[in-house]
Amino acid sequence: MSSTLTPHAPTDRSRDLSQPLDALGPDETLKADSDQLRGTIALSLLDRITGAVSDRDTKLMKFQGVYQQDDRDLRDERRRQKLEPAYQFMARVRLPGGVCTSEQWLTLDALAREHGRGTLRITTRQTFQFHWVLKDSLRPLIQKLHTVLLDTISACGDDARGVMCSVDPHLSALHAEVYAIARQASDHAIPRMRAYHEIWYGETRVAASGPEEPFYGRTYMPRKFKIGFVIPPVNDIDVYTQDLGFIAVAGPDGLEGFNVAIGGGMGRTDQAPATYPRLADVIGFVPKDRVLAASDAVMAVQREYGDRRDRARARFKYTIDDKGLDWIVREIEAVQGFAFEPARPFEFTTNGDVLGWRRGEDGRHHHTLFLEAGRIDNRPGRPLLDGLREIARAHPGGFRLTPNQNLVIANVAARDRQLIEGLLEGFGLSELNAGSGLRRNAIACVALPTCGLAMAEAERYLPSLAPKIEAILERHGLIEEPITLRVSGCPNGCSRPYVAEIALTGRAPGKYNLYLGGGFHGQRLNRMDLENVGEAAILARLDTVIARYARERLEGERFGDFVVRAGRDLDA
Amino acid sequence: MTLAEFPGPGLSEEQWRLIRSLAVSLSSSQLSWVSGYFAGFDEGTRGRVAAATPQAPEPAAPPQAAARTLTILFGSETGASQDLAATLARRAEDQGLPVRLFDMGAYKVRQLKDEQDLLLISSTHGEGDPPQAAADFFEFLESRKAPRLEQARFSVLALGDSTYERFCEAGRRLDRRLEELGARRFEPRADCDVDYEEPAAAWMGRVLSHFAAGPATPAPTAPAALAARPEPTAFDRKRPFPAAVIDNLVLTGRGSSKETRHLELSLEGSGLTFEPGDALGLHARNDPAVVAALLDAVALSPEAPVSLKGGDLPLGEALESAYEVTAATPRFLEQWAQVTGAAGLKALLGDDGREARSAFLRGHQVIDIVRAFPAPGVAPVTLLAGLRPLQPRLYSIASSPLVAEDEAHLTVSTVRFALHGTPRSGVASGHIADRLGEDATLPAYIQPNPHFRLPEPERPILMIGAGTGVAPFRAFMQHREAQGTPGRSWLVLGERNFRTDFLYQTEWQALLRDQALTRMDVAFSRDGDRKLYVQHRLLEHAAEVYAWIEDGACVYVCGDAARLAPDVHEALATILVEQGRLSREDAEERLRGLAREHRYQRDVY
């Protein structure tokens, strides 16, 4: 393996792509020997003795957006029953910017009913996940997605993940322009992945005339790479948590370009102190016609210099901290062949969604619906899946998925507002937006029973946890106060907990670390307040801190800001 | 400061001089060995070593442990225990000790009883749980199945995270349990927090010093249990052995349309022996609730004395233990027709009533008949006169004595259905599913089945079964794996649903992985749009089935007599016709010939 870049200044290359495979981590060899991600997936799908695929194929399938899991509620029981774990797959759709047509919605709905136990989940990266998909159902599901021009390519794996984009319905013209670029960036940044077409669509393999992956090569990225586009003042995509963030800058004539932010990331590895969450740094401005070039350059730098020995330290944020931000920026500029302009001023005010109706500049209406933990299913008295199907049938304007796992019923003509409201009412969905300030700003990852990484409950815990915190807020007269609450089942941080004002990350069943003091619009990391404790300790602590907040807050001061200001004093 | 300048606590000048001169003469690996040697020194060993080698400047005793076996077992979640175990193994080898290293997940627990020196390293997961991969090992060790380990010595290295409440609990569990089983702890357990490297290395040093510092514990004496073993007694159908239930679990997963159980019985002390293919006869008891309902329906007291061949019994006990009280027979119908004089029953008697009688008996059990046709004041003896003596139930044994010594495993389908609005269950399967307590026993005996036997080891076998028909094939494969049989094996298995009904799935997967089982095909009849059975798989792979038969394979069929057996027979005949270009008659003759050569054996019921 040889590096295609020559660094502009000397740097330690003992841990990157320039080294022979056997000097790098085992996943590098796995990728290189995978025949460009084909592996033995096609054979694994035929194996009737197991509902799983081979260990190697599970890793390769992630690049194809398919993630092997098992029902962890049943794991122990089945082991005793001499049955293998109840294997199933999560399939994550690639949906740049979270924009979905009504026709696509109806197909997703039908697939969820047929293969996904009647549930869809909106992720914190604005896309859909199917859970509970059995091995034999994967091909039919992916083929059906293809009929509405959706795929699952690089929704997981060491590659450019789904590209995010602000959904702010108010700025309709700007959104259209930024979304178009986000979509283009996604199509551009993903691997070509012939394997996907062969395995899932049954296309025949044709001899390749050149390298199959001109950008990615045989070893792809060192780790996942997340790109997002944000339109101030709403930082809904949490741009500081992206590996590569583009902050839209508009002038009187519309979009001019983007401030570029690099090196964000939430994940840390349990019991690995050398891993940590990091906020992205703004490094300059690019005009809009140079976004793809800049995106390519940033990814190329990470591809070349990212740590490929230790996966726990392979994210871009560590490359930046290891090499120094200045070195990285100069290297990006050398690769893209132009310098960044100085960053333009911008301001964020929130990272939450405004719920309910809003009118766009183009006169069309948008309704944002709060979905707890992004879960769409039918429950007694609240047939959400059925209701949204009816709306998709009646409404041609499509949907947008927000990074806060909420749903925008988009582009409603003024005369159709009543129709939508009637349907929401009819399906018992008009109460969804009635939650407290805390509830409306709460996020939970999936965790148990399907996620293999989860150490504690998250999505299933939020509905019982939130009312207990609400009771505390109520007691202190703060029930309407918007406060961000995020629950993750493990320290990896899929719900972006480390920027929340209150966050719980799972350590063991019923045990969490409590974090406090993130910025309300995602501009500041929080700090660990309690380690590995149960609910009683968490609630007692929150009661103390919230009581102080109620008494001592400054005018308009956010909870997270107060926690930081009060600092050590809170321990007294 | 260098260590060599630091005089240890309370050492005399002479002692310090000796240590220093020794220290500078040693290589670094020798140094670390010596540190462990001293660390492992206690008063007792010191006395021994001093007596044997009065001036011993170096450990003269050769590692006598070489005569014993040293086994290292690890349970690892993140790889730390695994790495430590590998290091320990390397260090032990460097010391000239023969070592066996196993992941607890891959270790065959039946070997435990033969282990001598055991070193165990385990991390703790969640709230005091063992690592996932080690869960089976822990479960075995902590169950009643675990053997006594008086002959073994052990030491445990426990890894954990002290921010969790049950710090190092998995290691502590091992430590506790091994002691309970009679093993001798030759070095105290070491508990390590997340910074485990140093304490772990120190533990290794201490542990390994035992092997160099002197002879291992004296050779184990014969366990008392062995000497006290009773003479084999002839237990048989008439005099069944009270087999203790060791395990009794549901094999079918949640949401299954059926319930199939796995039952493990202990034959220890019975002197009973068997071969794969044999069956176990069980004397089950009737459901006391059914007996009570029956007595209620005929208005008789359970205490009413009745005389049986074996002596006098209360009626209730007699009905529970000695008579069939569920399924009715034509004889009962006849008797009850006489007792009641009911025209409705009389109409069912005689040759003319045969079809109506069968239909009636399918829809009516004894209780339904006595309720529909009451006989006020019937005498106990009259009631019993129509009832059939309770028969033992036969189950193909699902284990090999080579693997589960002194045990018999059974695969039991729980019979449950509803009749006239009340739930009913099978006598034996209901007893096993609903009425076996913690320390229960079941009266059992061996029913040999000489017509269902493994062939010579080189010969390939083709095993075809559905449902509980899988049982003898589990015994076959355990046996062949234990023997290291060279012959190929092919299992074709049918059930209803892949996800819930794949009986013994993980065991077949392990056998396939180890290539003890050459090939396996499965047919799940209720998964697809089309009902798919084992015979369809045979026809799908007709050329290979034919090739196996031509290569001399023995073909076994086990399961349902009414459908599976004829359907498989038909498929085999078709394969012989199509692949062997035989006429239909010749194909049938070929199958008869195979049966005569014991190459086509059936155990159907």
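The values are calculated or read from the model by the stated rules, or taken from the named source; none is laboratory data. From a predicted model like this one, the values you see are computed outputs, not experimental measurements. Positions of Cβ are backbone-derived with ideal geometry, glycine not excepted, and every protein chain shown enters the neighbour counts.
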Check: Picking from B:462, B:503, B:493, which residue would you name as being modelled with pLDDT of 95 or more, under 18 Å from the mean Cα position of the chain (by Cα), crowded, with 23+ Cβ neighbours inside 10 Å and not in a helix (DSSP H, G or I)?
Finding: B:503
Note to self: I need a count of the residues in segment A:46-58 that are more than 14 Å from every other protein chain (Cβ to nearest Cβ) and either basic (Lys, Arg) or surrounded by fewer than 17 Cβ atoms within 10 Å (Cβ to Cβ) (or both).
What the structure shows: 1
Next item on the list: Can you confirm whether segment A:247-261 contains a residue that is buried (at least 20 other Cβ atoms within 10 Å of the Cβ) and free of Cβ contacts under 8 Å to residues at least 24 places away in the same chain?
Entry: yes
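Residue-by-condition table, conditions (1) touching a residue at least 40 places away in the same chain (Cβ under 8 Å); (2) in contact with a Leu (Cβ under 7 Å, 6 or more places away or on another chain):
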{"site": "B:310", "(1), (2)": "no, no"}
{"site": "B:317", "(1), (2)": "no, no"}
{"site": "B:326", "(1), (2)": "yes, no"}
{"site": "B:339", "(1), (2)": "yes, no"}
{"site": "B:342", "(1), (2)": "no, no"}
{"site": "B:345", "(1), (2)": "no, yes"}
{"site": "B:348", "(1), (2)": "no, yes"}
{"site": "B:352", "(1), (2)": "no, no"}
{"site": "B:371", "(1), (2)": "yes, no"}
Notebook entry, point to check: Restricting to segment A:475-499, what's the tally of residues that are without any contact (Cβ under 8 Å) to a residue 60 or more places away in the chain and within 16 Å of residue A:532 (Cβ to Cβ)?
Noted result: 3
Note to self: Just to verify a result, which residue in segment B:118-137, among those that are part of a helix (DSSP H, G or I) and among the aliphatic types (A, V, I, L, M), is farthest from residue B:174 (Cα to Cα)?
What the structure shows: B:133
Notebook entry, point to check: Yes or no: residue B:528 more than 29 Å from the chain's Cα centre (by Cα), assigned to a loop (DSSP other than H, G, I, E, B), small (Gly, Ala, Ser) and modelled with pLDDT of 95 or more?
Noted result: no
Margin query: Where the second residue is among the hydroxyl-bearing types (Ser, Thr, Tyr) and the first is part of a strand (DSSP E or B) and lies in segment B:387-410, which pairs have Cβ atoms under 7 Å and are six or more apart or on separate chains?
Written below: B:389/B:323; B:407/B:266; B:407/B:399; B:408/B:399; B:409/B:399; B:410/B:395
Checklist line | All positions within segment B:492-509 that are more than 10 Å from chain A (Cβ to nearest Cβ) and not β-branched (Val, Ile, Thr) | finding: B:494, B:495, B:496, B:497
Next item on the list: Please list, ordered by first then second residue, the pairs with beta carbon atoms under 8 Å, 6 or more apart or interchain, first in segment B:291-302 and exposed (fewer than 15 other Cβ atoms within 10 Å of the Cβ), second among the aromatic types (Phe, Trp, Tyr) and not in a helix (DSSP H, G or I).
Entry: none
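Is it the case that segment A:59-81 has a residue that's of a type in the set (A, V, I, L, M, F, W, C), within 23 Å of residue B:523 (Cβ to Cβ), within 14 Å of chain B (Cβ to nearest Cβ) and out of contact with any Asp or Glu (no Cβ under 8 Å at 6 or more places or on another chain)?
Of the residues in segment A:59-81, the ones of a type in the set (A, V, I, L, M, F, W, C) are A:60-61, A:63, A:66, A:74.
Of the ones still in play, those that are also within 23 Å of residue B:523 (Cβ to Cβ) are none.
There is no residue in segment A:59-81 that is of a type in the set (A, V, I, L, M, F, W, C), within 23 Å of residue B:523 (Cβ to Cβ), within 14 Å of chain B (Cβ to nearest Cβ) and out of contact with any Asp or Glu (no Cβ under 8 Å at 6 or more places or on another chain).
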Checklist line | Residues that are aliphatic (A, V, I, L, M), in a helix (DSSP H, G or I), within 30 Å of residue A:249 (Cα to Cα) and over 20 Å from the mean Cα position of the chain (by Cα), drawn from segment A:167-212 | finding: A:173, A:174, A:176
Margin query: For the list (1) more than 14 Å from every other protein chain (Cβ to nearest Cβ); (2) farther than 28 Å from residue B:246 by Cα, I need the number of the one condition that residue B:481 fails.
Written below: (2)
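Name every residue in segment A:302-341 that is of a type in the set (Lys, Arg) and touching a Ser or Thr at 6+ places or on another chain (Cβ under 7 Å), in order of residue number.
To start, the set of residues in segment A:302-341 that are of a type in the set (Lys, Arg) comprises A:303, A:308-309, A:311, A:313, A:315, A:317, A:323, A:330.
Within segment A:302-341, A:313, A:323 meet the criteria.
Residue check: is residue A:86 of a type in the set (Gly, Ala, Ser), within 14 Å of chain B (Cβ to nearest Cβ) and over 30 Å from residue A:303 (Cα atoms)?
On the way: of a type in the set (Gly, Ala, Ser): yes; within 14 Å of chain B (Cβ to nearest Cβ): yes; over 30 Å from residue A:303 (Cα atoms): yes.
Yes; evaluated as a whole, the condition is true for this residue.
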Notebook entry, point to check: So which of B:157, B:141 ends up being closer than 16 Å to residue B:78 by Cα and buried (at least 18 other Cβ atoms within 10 Å of the Cβ)?
Noted result: B:157
Checklist line | Residue pairs meeting the criteria (Cβ under 6 Å; at least 6 apart or on separate chains; first over 22 Å from residue A:406 (Cβ atoms), in segment A:168-189; second hydroxyl-bearing (Ser, Thr, Tyr) and not in a helix (DSSP H, G or I)) | finding: none
Checklist line | Residue list for segment B:531-556, filter: within 12 Å of another protein chain (Cβ to nearest Cβ) and part of a helix (DSSP H, G or I) | finding: B:537, B:540
Notebook entry, point to check: Only one of A:460, A:415 is under 27 Å from residue A:91 (Cα atoms) and without any contact (Cβ under 8 Å) to a residue 24 or more places away in the chain; which?
Noted result: A:460
Check: Residues of segment B:263-281 being surrounded by fewer than 22 Cβ atoms within 10 Å (Cβ to Cβ) and not in a loop (DSSP other than H, G, I, E, B), which ones?
Finding: B:264, B:266, B:281
Next item on the list: Output the number of residues of segment A:448-487 satisfying the condition of being more than 14 Å from every other protein chain (Cβ to nearest Cβ) and of a type in the set (Gly, Ala, Ser).
Entry: 5
Notebook entry, point to check: Got a sec? Which strands (runs of 3 or more DSSP E) wholly within segment A:500-572 have at least 3 residues that are in contact (Cβ under 8 Å) with a residue 12 or more places away in the chain and away from chain B (no Cβ under 14 Å)?
Noted result: A:502-508
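Every residue in segment B:96-123 that is crowded, with 19+ Cβ neighbours inside 10 Å and either aromatic (Phe, Trp, Tyr) or modelled with pLDDT under 90 (or both), please. Steps first, answer last, please.
So the first thing to find is which residues in segment B:96-123 are crowded, with 19+ Cβ neighbours inside 10 Å, and the list is B:97, B:101, B:104, B:107, B:112, B:115-123.
Of everything in segment B:96-123, those that are crowded, with 19+ Cβ neighbours inside 10 Å and either aromatic (Phe, Trp, Tyr) or modelled with pLDDT under 90 (or both) turn out to be B:97, B:107.
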Checklist line | Identity of the residue in segment A:109-137, part of a loop (DSSP other than H, G, I, E, B) and without any contact (Cβ under 8 Å) to a residue 40 or more places away in the chain, that ends up surrounded by the most Cβ atoms within 10 Å (Cβ to Cβ) | finding: A:116
Check: Could you list, in sequence order, the residues of segment A:438-459 that are in contact with a Pro (Cβ under 8 Å, 6 or more places away or on another chain), modelled with pLDDT of 90 or more and either surrounded by fewer than 21 Cβ atoms within 10 Å (Cβ to Cβ) or among the charged types (D, E, K, R) (or both)?
Finding: A:457
